[in-house]
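The values are calculated or read from the model by the stated rules, or taken from the named source; none is laboratory data. Predicted model, so just to flag it, every value in this text is computed and none were measured. Because the Cβ atoms are built from the backbone with ideal geometry, glycine has one as well, and the counts that use them run over all protein chains shown.
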Ligand code: SF4
Ligand code: SF4
């Protein structure tokens, strides 16, 4: 048989076999497996969704938060797209070799600028791949810890082989004078020059070897793709397209199966979430920013995704073929696959969700599994006590609701009761600001500043209950509903135009999660937003410039969750302080460690606590002696951390309102 | 194994207690009731035994504010039978003698193998409920129990004595055991489970008989603790009090 005919036959067979393998694997993962999941709620907003695909898949927007690796990935991604046509040329060329060994794709094979683009991209891809290998093998970033290294390296080598073999083929053709576009391929020309002087038959052997290498690697890559981290090449488009567009501070409704709230097996996740599990690229960006992981707790958002994915795949396999590792089916998702400790470690800071280039959600699946833990009563004693107190008294301190407004007793004059008389601003004080004796001074200072600005405000006194943000994130959905109902009844009795609170958690839940009919058209403001408004419209005037050098910590539920970054900064500026930013500021701020109900839990075995890391970060700034916060829990956490780590003398932890009061 | 847990609601100490004008009882207008803490342990121990040996668990309670919540949350934890005695309430002038007689009548009808009851309550003015109940129903009583093993209808208990001594003893069933601590901390029950129970479980309401307080002491007067001569009361807010305590400890050479 003639070589070219044999080539065609082999290419056809290889192609069919690999396409079949690829197709079967994709069917099992995306067809059979996803069908096991729960239906998705309707999507809608298709314009925004499509734009997201363009921006975040095409433009790779989020990847640039890690600049150098982001650029490398961008090059590999676009390089691959640019080279797809070349790869296609190689495959078709093989297919038709029996009749026309010199086949060239129309346009692609004759359009000079495209040839130039491909030539340049091929080179850039090689550079980017070498850089990526360097990151994986030599630098060994912490974020890759736990990822599949061998697989990652193999695929990088695949890409290298594909591109290099392409250039060798192109180079030899140029050297042999077979390429009419030679002038458009300077790099390939240079590669071809390496083979100058070889005999025509030697060059042919090299060319054919490069061809077969190229084809083999392309097809191996294709069959290797589904199931591993590189499956994101396929799933990232639907994953980004179907991403959650709700505000981050709104958890989806709690899943419920036969009266059992929460998720206890992989099938109870929605299909879109399952797509997330497949899409994780194991890049570890989420792990790198996770405060729980940094403090040595067993949680890594990346490993969480990988474990969910593995369980989804393995349980699918075990169902298909009972003989195959049926033990997987015996494993409990919550407990065996994902341990209780992992789930309780999360502070729901949203850093991981925000960092993920492909919009993979972590907080939601974590809370879903926590809900199951709560149903089973699997929680530590401290948390249990806090929940019991919240259920009984509406606050986690286990104090009577009658003493909720005790802090007002030492204030001159009466504070209005919003249940009895109309007020413009209803101040929803929150548990910490009401009950924690270490910070009620700050609460009183807030009242004094409000008074000074002649703000018409009132409280709900003993009718206020914990607003429920963290209760919901602990996974105690029933308690959350109970608290919401109690607050709703109380709020309905009050006449007001705006709700103001100093607590970002309360702010988030009232603004984002409370039933719309409760708040209506009225706005919910964080006190930093209110002060900012009052400063700009002149209701509040600051007379003294304080001149301190300060830094500011962004609370998760104010910053990342609700995008309030500028108001507190403008106020700091108005007090005449110099604001020096910490290395992690704005949406990169490190959580204090209190969120998601962690403040109620036993700490467990940890390394350095997030609050201490944060205090050190602040104290390391030259000349900075004050850490400004805008959350009562931050005040507690950081004051405590400053004391226990010996930084209390060098770093004062102060609430924004204290600066404002001083500057009046 | 059938187990009965008679429970008692007691004044919640998060509220300041006030004495009634009569001077012999608490002012109920500020009173708020909570399940006696060790009763939670008795309940937990009953559930543990039920889970291990099967059978049923019943809870008996007098009526009162918050009693329904207590009953439904025990149903959510796994109790089968909720009995509420109506017509009388905690907070009415009922001493433990009266409550023990009321509960005793029910216990006799239920014929359980075990009665688990919290060993004490902070308002036990006339002795604790367990021994009184045992007396009225004619069963043996062991108090301060912190472990119960049941094998072939026989029961072995761990009883705690002051000073850390623990005795192991066999008890003939049926018996009343005053539980000091369950073998596992009382479990948490999710609010949604309690809400479910409210919808699906019904209370067995039984009219209480006429109370008989006979045998208990009579209270002449009640008063708040008075400062003893040698005691120093430290006044001020938390910070001041803490600072003074630190000073005092310093003076005493303890820190
Ligand atoms: S979840 Fe996202 S950020 Fe985390 S490893 Fe996977 S792809 Fe990377
Ligand atoms: S929300 Fe925060 S603590 Fe939880 S997994 Fe993500 S980064 Fe880690």
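Identify all residues within segment A:350-364 that are at negative phi and within 11 Å of ligand 1 (Cβ to nearest atom); write none if there are none.
A:351, A:352, A:353, A:354, A:355, A:356, A:357, A:358, A:360, A:361, A:362
Mind checking which helices (runs of 4 or more DSSP H) fall wholly inside segment A:330-397 and carry at least 2 residues that are buried (at least 21 other Cβ atoms within 10 Å of the Cβ) and within 10 Å of chain B (Cβ to nearest Cβ)?
Hits in segment A:330-397: A:363-375, A:381-393.
Here are the criteria: (1) within 30 Å of residue A:27 (Cα to Cα); (2) at pLDDT below 95; (3) within 16 Å of ligand 2 (Cβ to nearest atom). Tell me which single one residue A:296 does not satisfy.
With respect to (1) within 30 Å of residue A:27 (Cα to Cα); (2) at pLDDT below 95; (3) within 16 Å of ligand 2 (Cβ to nearest atom), residue A:296 is out only on (1).
Quick one: which residue in A:580, A:572 is over 18 Å from residue A:635 (Cα atoms), touching a strand residue (DSSP E or B) at 6+ places or on another chain (Cβ under 6 Å) and modelled with pLDDT of 95 or more?
A:580
Do we find a residue being within 14 Å of another protein chain (Cβ to nearest Cβ) and assigned to a loop (DSSP other than H, G, I, E, B) anywhere in segment A:407-426?
Looking for residues that are within 14 Å of another protein chain (Cβ to nearest Cβ) and assigned to a loop (DSSP other than H, G, I, E, B), one finds none in segment A:407-426, hence no.
Among the residues of segment A:84-105, write down those that are in a loop (DSSP other than H, G, I, E, B) and under 44 Å from the mean Cα position of the chain (by Cα).
Once the filter is applied, which keeps residues that are in a loop (DSSP other than H, G, I, E, B) and under 44 Å from the mean Cα position of the chain (by Cα), segment A:84-105 yields only A:105.
Which residues, taken from segment A:244-281, are at positive phi and within 15 Å of ligand 2 (Cβ to nearest atom)?
Of everything in segment A:244-281, nothing turns out to be at positive phi and within 15 Å of ligand 2 (Cβ to nearest atom).
Consider only pairs whose beta carbons are under 6 Å apart and that are at least six residues apart or on different chains; among these, list those whose first residue lies in segment A:357-368 and is over 15 Å from residue A:246 (Cα atoms) and whose second residue is in a loop (DSSP other than H, G, I, E, B) and within 7 Å of ligand 1 (Cβ to nearest atom).
none
Check A:513, A:573 and return the single one that is more than 30 Å from residue A:381 (Cβ to Cβ) and either assigned by TED's automatic domain parsing to the domain that holds residue A:448 or without any contact (Cβ under 8 Å) to a residue 12 or more places away in the chain (or both).
From the options A:513, A:573, the qualifying one is A:573.
Residue by residue, here is whether (1) part of a helix (DSSP H, G or I); (2) surrounded by 20 or more Cβ atoms within 10 Å (Cβ to Cβ); (3) within 34 Å of the chain's Cα centre (by Cα) holds:
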| site | (1), (2), (3) |
| --- | --- |
| A:454 | no, no, no |
| A:458 | no, yes, no |
| A:466 | no, yes, yes |
| A:482 | yes, yes, yes |
| A:489 | yes, no, no |
| A:500 | no, yes, yes |
| A:505 | yes, yes, yes |
| A:531 | yes, yes, yes |
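Among the residues in segment A:467-483, are any over 30 Å from residue A:256 (Cα atoms) and out of contact with any helix residue (DSSP H, G or I) (no Cβ under 7 Å at 6 or more places or on another chain)?
no
Can residue B:187 be described as within 18 Å of the chain's Cα centre (by Cα) and within 14 Å of chain A (Cβ to nearest Cβ)?
Yes.
Cβ contacts < 6 Å: first residue within 23 Å of residue A:347 (Cα to Cα) and more than 12 Å from chain B (Cβ to nearest Cβ), restricted to segment A:472-492; second residue at pLDDT 95 or above and outside any helix (DSSP H, G or I), any location; separation 6+ or different chain. Result?
Once the first residue is within 23 Å of residue A:347 (Cα to Cα) and more than 12 Å from chain B (Cβ to nearest Cβ) and sits in segment A:472-492, its partners that are at pLDDT 95 or above and outside any helix (DSSP H, G or I) give A:473/A:348.
Anything in segment A:511-529 that is assigned to a helix (DSSP H, G or I) and buried (at least 23 other Cβ atoms within 10 Å of the Cβ)? List them, or say none.
Answer for segment A:511-529, where residues must be assigned to a helix (DSSP H, G or I) and buried (at least 23 other Cβ atoms within 10 Å of the Cβ): A:527, A:528.
Do we find a residue being surrounded by fewer than 22 Cβ atoms within 10 Å (Cβ to Cβ), without any contact (Cβ under 8 Å) to a residue 40 or more places away in the chain and out of contact with any strand residue (DSSP E or B) (no Cβ under 9 Å at 6 or more places or on another chain) anywhere in segment A:231-243?
yes
Can you list residue pairs whose Cβ atoms sit under 7 Å apart, with the first residue in segment B:225-238 being more than 14 Å from chain A (Cβ to nearest Cβ) and the second being at pLDDT 80 or above and outside any helix (DSSP H, G or I)? Count only pairs 6 or more apart in sequence or on different chains.
B:227/B:233
Quick check on my filter: what residues within segment A:630-654 are in contact with a strand residue (DSSP E or B) (Cβ under 6 Å, 6 or more places away or on another chain) and outside any loop (DSSP other than H, G, I, E, B)?
If the condition is that a residue be in contact with a strand residue (DSSP E or B) (Cβ under 6 Å, 6 or more places away or on another chain) and outside any loop (DSSP other than H, G, I, E, B), then A:635, A:638, A:639, A:642, A:652, A:653, A:654 are the ones that fit.
Among (1) near ligand 1 (Cβ under 9 Å from one of its atoms); (2) in contact with a helix residue (DSSP H, G or I) (Cβ under 7 Å, 6 or more places away or on another chain); (3) closer than 19 Å to residue A:226 by Cα; (4) part of a helix (DSSP H, G or I), which single condition is residue A:308 missing?
Every condition holds for residue A:308 apart from (1).
Would it be correct to say that residue A:317 is more than 14 Å from chain B (Cβ to nearest Cβ), over 18 Å from the mean Cα position of the chain (by Cα) and away from ligand 2 (no atom under 16 Å from the Cβ)?
So residue A:317 passes the test.
So residue A:314 clears everything in (1) within 23 Å of residue A:151 (Cβ to Cβ); (2) within 16 Å of ligand 1 (Cβ to nearest atom) except one condition, right? Which one?
Against the list (1) within 23 Å of residue A:151 (Cβ to Cβ); (2) within 16 Å of ligand 1 (Cβ to nearest atom), residue A:314 comes up short only on (2).
Give segment A:576-614 a look and list any residue that's within 14 Å of chain B (Cβ to nearest Cβ) and either within 14 Å of ligand 2 (Cβ to nearest atom) or farther than 23 Å from residue A:384 by Cβ (or both), or say none.
Residues satisfying the conditions are A:597, A:601.
Can you pull out the residues in segment A:343-353 that are out of contact with any strand residue (DSSP E or B) (no Cβ under 9 Å at 6 or more places or on another chain) and more than 9 Å from ligand 2 (Cβ to nearest atom)?
Correct list: A:344 only.
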